[in-house]
Amino acid sequence: MPRRPECLGSFESTYLPEHGIDVSESTQHDEGCRHASEQLRAVTDRLDWAWQDPPATGLVPPIRRDARVKEPDVSALPHQPDLVVLSHLRWEWVWQRPQHLVSRWAKLRAAAGARTWFVEEPEAGDVTTPELRHDEIDGIHRVWLVVPTPPGQPKALGFDADDTEEYGTMVADLLAEAGSPRQPDVLLYTPMALDIALELSPGRLMYDVMDDLGSFLKAPQGLQLRQRRLLAEADVVFTGGRSLHAGVSQHRTTRCHLFPSGVETSHYATSRSLREQHDRKVAGYVGVIDERIDLELVAALAAALPEWTIRIVGPVAKIEESDLPQAANLEYHGMTAYGELPRVMAGFDVALMPFALNEATRSISPTKTLEYLAAGLPVVSTRVADVVTDYSGVVHFADDAAEFAAACQEVVEHSRAERDRRLRPIQERQEWDYIASSMAALMVEDATGPAVIDLTVRGEVTA
């Protein structure tokens, strides 16, 4: 399929934001969804990111729709080429959106006789010349480039690092040697891999925008320029949250689909049966510890709840471990495998989302919200925009350590049955299986015409 840039211009695309269904070329336009998107954009544009609560009149109302959508039937999709995913996150690191989606796409592709390749950022190692390595894990072919260790540089490198100029050519040669058909589908999680993607002569170029990477600490130079180019040239773009979508849709007006991150409910639900009584209450956080976490809030919360344990579980990234606050009741447990997370959460009484309200969290849509709730835990969070919009009925919001402490003491007594009742309509449309199959159907839409997706009405859903 020939490469062609997308047209950029006025807002032309209308979509069902809960399910990422683009109906921009249909004769029927959902003005309600368009209005809600413009409301959200207006709110995020006005917010003061030193953070002041928006007035009640400025909050975005929940989006209502009259469909509980069945998982699309992708068994009838045509033969598909190999899929190459270019990611800034390593497969064996924290299990996040890329792993959830790519592992499911790999199964769909394998059923059609195609393979899935997961290409990671380069790393420094004990080699004299760049060396391409690959192995097979979890149904995907993992690929990474090892380059000579630069003096004083970390082991983990970016796609723009020295000695990586031939990375794209080496990956293309690997695919050819493996007998992969030409013009694979290529999906990116970072614009910094765009040059490699184009080296592969993709049949379809896709971009899943899971974070506003340009706002992160130590963001690479050139990221914003590559982002604009990728948004223009991609055949299809997905976004992982409402605020992200509002920003992206200012630059990309067609074939741009909103798919907030989901949850594997059955995995986390096992936490409920593992829960046991313990002497001290535990308020816990699971996830990456980086500039998005309000460390001062964590320290003050530990001081405000001396009779509780504050348990932080996850790897430290982009900040120094010496920056982590210390207290007698504050524990750090390091990175934990995805399979162990239900057991870890079984030891919590309250789940925390102590996010700083800064540029790096302006557009986040935390996956852990649904994971905590699926595990049966009450959740206390700072006022992250997407969490406020999507989960006001089930998440408790607090602004400082005193409010966090009071909220922990309050929500631990709340009824889990009532919380589950409020969660159910949100959870039913946010399963990873449904999200992955819906996105897979949209990936082939350009080549085969609109994918047929069953929108069977089974009852009203309120986000």
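The values are calculated or read from the model by the stated rules, or taken from the named source; none is laboratory data. Since we're looking at a predicted model, the values are computed, not measured. Virtual Cβ from ideal backbone geometry, glycine too; neighbours counted across all protein chains shown. Ligands, DNA and RNA are stripped out before the accessible areas are found, and what is left, the full protein with its side chains, is counted by its heavy atoms. Shrake-Rupley method; radii C 1.70, N 1.55, O 1.52, S 1.80 Å.
Would you work out the relative contact order for the range 147-290, in percent, from Cα pairs under 8 angstrom that are 6 or more residues apart? Worked out over the range 147-290, it gives 16 percent.
Rolling a 1.4 Å probe across the protein heavy atoms gives the range 383-432 an accessible surface of 44 Å² per residue. Using a probe of 1.4 Å on the protein chains alone, the accessible area found for Trp91 is around 0 Å².
With every protein chain in place and a 1.4 angstrom probe, the accessible-area ranking of His251, His396, largest first, reads His251, His396. Largest first and in whole Å, the equivalent-ellipsoid semi-axes of the range 216-310 read 39, 21, 10, each the square root of five times a Cα gyration tensor eigenvalue. Taken along the Cα-to-beta-carbon direction at a fixed 7 Å, the label points for Asp162 and Glu276 span 5.3 nm.
Tally Lys and Arg at +1 and Asp and Glu at -1 over the other residues with C-beta under 14 Å from the C-beta of Ile310: what net charge comes out? Net charge around Ile310: -2. When you work out D = kT/(6 pi eta Rh) for the range 316-416 at 25 °C and 0.890 mPa s, using the Kirkwood radius from C-alpha pairs as Rh and the Stokes-Einstein form, the result is 165 µm²/s. Computed from phi, the 3J(HN,Hα) profile of the range 331-339 under the Karplus parametrisation 6.51, -1.76, 1.60 (θ = phi - 60°) reads 10, 10, 10, x, 5, 10, 5, 4, x Hz, with x in place of Gly and Pro.
The H on the amide N of Arg204, modeled in the peptide plane, is under 5 Å from the matching H of Asp185, Val186, each at least 5 residues off or on a different chain. Distances between placed amide hydrogens fall under 5 Å for Lys281 paired with Thr309, all partners being 5 or more residues away or on another chain.
Placing Thr128, Thr265, Thr369 in order of accessible area, with the largest value first and a 1.4 Å probe, yields Thr128, Thr265, Thr369. The accessible-area ordering, largest first, of the residues Trp95, Trp105 stands as Trp95, Trp105, per a 1.4 angstrom probe. For Glu199, the accessible area of its heavy atoms, probed at 1.4 Å with every protein chain present, is near 100 square angstrom. Residue by residue, the range 142-147 carries 3J(HN,Hα) couplings of 8, 10, 8, 9, 9, 10 Hz when phi is fed to the Karplus relation 6.51 cos²θ - 1.76 cosθ + 1.60 (θ = phi - 60°); x denotes Gly or Pro.
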